[in-house]
Each structure stands twice: as structure tokens, then as C-alpha cells.
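Asks: The structure is given below, and queries will be raised subsequently.
The values are calculated or read from the model by the stated rules, or taken from the named source; none is laboratory data. Quantities reported herein were computed from a predicted structural model and do not represent experimental measurements. So basically every Cβ, Gly included, is an ideal-geometry build from the backbone, and we count neighbours across all protein chains shown.
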Amino acid sequence: MAYLDIPGHVQQKPKEVTLEEIQAVLGNCQRCELGQTRTKLVFGVGNPHARVMFVGEGPGKNEDLQGEPFVGAAGKKLNELLERCGLCRDDIYIANVVKCRPPANRNPKPAEIEACAPYLREQMRSIWPDAIVCLGNFATQFVMKTELGITKLRGKMYQVGHFQVVPTFHPAATIYHPDWLQDLESDLRMLADWLAAHPKGVES
Ligand code: SF4
């Protein structure tokens with residue numbers, strides 16, 4: 001397993017902060033320009049004590065309308081994959097790098113990612129999962145503090161501070177690149193195997 005000891009990464013759980021407290025601080029956030037164009041802020045959803053946290057890029061059209069991550073075509077694909085790999089959506093937590101939809105699904109700008117970063121970091125500290133699945137380049141670069149792209153990094157698990165990190169393709173990308181679906185499934189199976197081999201509370 002590769003090991004990255006990255007300065008500035010979330011290494012320690014410093015305090016108990018609940019997701020509700022983080023959401024209350026977030027409020028009707030306008031810290032970046034995405035706050036002016038969103039319909040609903042998409043905070044995140046799932047088990048607050050999840051062993052696995054999935055991190056995506058940002059809300060799409062359906063997520064923006066419903067206020068929940070991964071509810072559109074990408075969410076359906078993710079649910080199918082989770083089921084095939086023996087993972088359950090109720091046991092995971094899902095959030096995005098930016099909480100508001102970039103107009104026309106453009107890439108989030110560096111300033112927007114920086115403005116939104118504290119919320120995701122706090123979510124990671126609050127949930128304190130064993131593993132983080134980074135869906136796509138933006139999530140991977142945020143969590144792993146790397147410039148490397150997903151095609152170079154995927155296929156392996158990395159220890160990043162406290163977390164086992166699985167960089168892989170975003171489910172939405174597999175709609176346009178069906179050949180990536182097999183790689184995404186293979187990465188999730190690798191994670192499922194790791195979870196089975198490392199039961200909660202048992203140090204390896
Ligand atoms: S993207 Fe993040 S920082 Fe920007 S307005 Fe939304 S919640 Fe606030």
C-alpha cells in the first residue's frame with residue numbers, strides 16, 4: 001500500500017464536532033460566488049459514523065434542486081455499484097468538495113474550492129471514517145494534496161494521515177467513458193475487501 005504523509009492534511013481528530021453544528025455554521029453560506037446561483041446548498045448525506053466517506057466534486061442539476069448529493073444518473077450508478085460490491089449506501093457518508101452547484105456544471109474554481117474547504121475538512125473530522133473514496137480529480141487532489149490525475153493514481157489504496165484513501169473515477173464520468181466503469185467497480189471491490197479484512201476497532 002502506498003503511503004503519503006502530507007503536510008497540512010487532516011491528520012488528527014482535534015475535537016468532537018457534530019455534522020449538525022457544521023451545517024449550522026454553514027447556514028446560508030455566501031462565501032463564494034456559487035452561493036448566488038445555487039438553488040439548494042448540498043451539505044452531504046449519510047451515516048454520521050460511517051466507516052467510509054465518499055467525496056465527489058460538486059452538486060449537479062438534480063442535486064442542486066433536491067439539496068442532496070448523488071441523486072441523479074451518477075447517484076443511480078453509484079448505488080448499483082455499491083450494491084454489487086456489497087457496500088450499502090446507508091452505511092456510508094457522501095459529500096462534495098464544493099457544496100453549491102457550479103453554473104452549467106463547469107469545474108469549480110480554485111477560489112471556490114478554497115472557500116468551501118473548511119466545511120469538508122470539518123465533515124471529515126466529525127465523521128472520522130476509516131476510508132475515503134475520492135470520486136474524480138477534484139476530490140482526489142483535495143484529499144491527497146496532489147497534482148496527479150486520477151488515471152495515474154487509481155487502482156491502489158493510499159494511507160493519507162489517518163485515512164485509507166481510494167482515488168477512483170467519478171460515476172458521472174463513466175456515463176461518457178463506459179470502459180472506466182469496470183475500473184471504478186474494481187476500486188470499490190478493493191475497498192470492500194479492505195473493510196472486510198480490517199473490522200472496525202481492530203488495529204492492523
Ligand atoms: S460553494 Fe461552499 S463556500 Fe461557496 S457559497 Fe456554497 S457553501 Fe459557501
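Asks: Which count do you get for residues in segment 121-134 that are more than 20 Å from Arg189 (Cα to Cα) and in contact with a Lys or Arg (Cβ under 8 Å, 6 or more places away or on another chain)?
Replies: Qualifying residue count, segment 121-134: 2.
Asks: Failed condition for Phe43, given (1) surrounded by fewer than 21 Cβ atoms within 10 Å (Cβ to Cβ); (2) over 13 Å from the mean Cα position of the chain (by Cα); (3) not small (Gly, Ala, Ser), with all others met?
Replies: Condition not satisfied by Phe43: (2).
Asks: Quick check on segment 117-128. Is at least one of its residues more than 12 Å from the chain's Cα centre (by Cα) and more than 17 Å from Phe54 (Cα to Cα)?
Replies: No - not one qualifying residue is present in segment 117-128.
Asks: Also: Would you tally the residues in segment 23-59 being within 11 Å of the ligand (Cβ to nearest atom), within 27 Å of Thr146 (Cβ to Cβ) and either outside any loop (DSSP other than H, G, I, E, B) or modelled with pLDDT under 95 (or both)?
Replies: Here the count works out to 2.
Asks: State all residues of segment 167-177 that are over 28 Å from Asn28 (Cβ atoms), in contact with a strand residue (DSSP E or B) (Cβ under 9 Å, 6 or more places away or on another chain) and either surrounded by fewer than 19 Cβ atoms within 10 Å (Cβ to Cβ) or not hydroxyl-bearing (Ser, Thr, Tyr) (or both); if no residue qualifies, say none.
Replies: Once the filter is applied, which keeps residues that are over 28 Å from Asn28 (Cβ atoms), in contact with a strand residue (DSSP E or B) (Cβ under 9 Å, 6 or more places away or on another chain) and either surrounded by fewer than 19 Cβ atoms within 10 Å (Cβ to Cβ) or not hydroxyl-bearing (Ser, Thr, Tyr) (or both), segment 167-177 yields Pro167, Phe169, Pro171, Ala173.
Asks: Between residues in segment 25-40 that are over 12 Å from Asp64 (Cβ atoms) and residues that are more than 6 Å from the ligand (Cβ to nearest atom) and part of a helix (DSSP H, G or I), which pairs lie under 6 Å by C-beta distance while being six or more apart or on different chains?
Replies: Leu26/Tyr119
Asks: If you don't mind, another one. Residues in segment 120-166 that are touching a Cys at 6+ places or on another chain (Cβ under 9 Å), crowded, with 20+ Cβ neighbours inside 10 Å and either polar (S, T, N, Q) or closer than 16 Å to Ile92 by Cα (or both): how many?
Replies: So the answer is 3.
Asks: Here is a follow-up. For Ala73, work out the one condition from (1) over 30 Å from Leu195 (Cα atoms); (2) more than 9 Å from the ligand (Cβ to nearest atom); (3) in contact (Cβ under 8 Å) with a residue 60 or more places away in the chain it doesn't fulfil.
Replies: Result: Ala73 passes all but (1).
Asks: Then there is this: Scan segment 37-55 residue by residue and report those that are among the aromatic types (Phe, Trp, Tyr) and farther than 14 Å from Leu82 by Cα.
Replies: Phe43
Asks: May I ask you to list the residues in segment 138-183 that are in contact (Cβ under 8 Å) with a residue 60 or more places away in the chain, under 14 Å from the mean Cα position of the chain (by Cα) and part of a helix (DSSP H, G or I)?
Replies: The answer is Phe138, Ala139, Phe142, Val143, Met144, Pro171, Ala172.
Asks: Tell me which residues, restricted to segment 83-119, are more than 17 Å from His170 (Cβ to Cβ), surrounded by fewer than 22 Cβ atoms within 10 Å (Cβ to Cβ) and in contact with a helix residue (DSSP H, G or I) (Cβ under 8 Å, 6 or more places away or on another chain).
Replies: Arg84, Gly86, Cys88, Pro103, Glu112, Ala117
Asks: Test Asn137 against the stated conditions and say whether it is farther than 25 Å from Thr18 by Cβ and in contact with a Lys or Arg (Cβ under 9 Å, 6 or more places away or on another chain).
Replies: It is false that Asn137 is farther than 25 Å from Thr18 by Cβ and in contact with a Lys or Arg (Cβ under 9 Å, 6 or more places away or on another chain).
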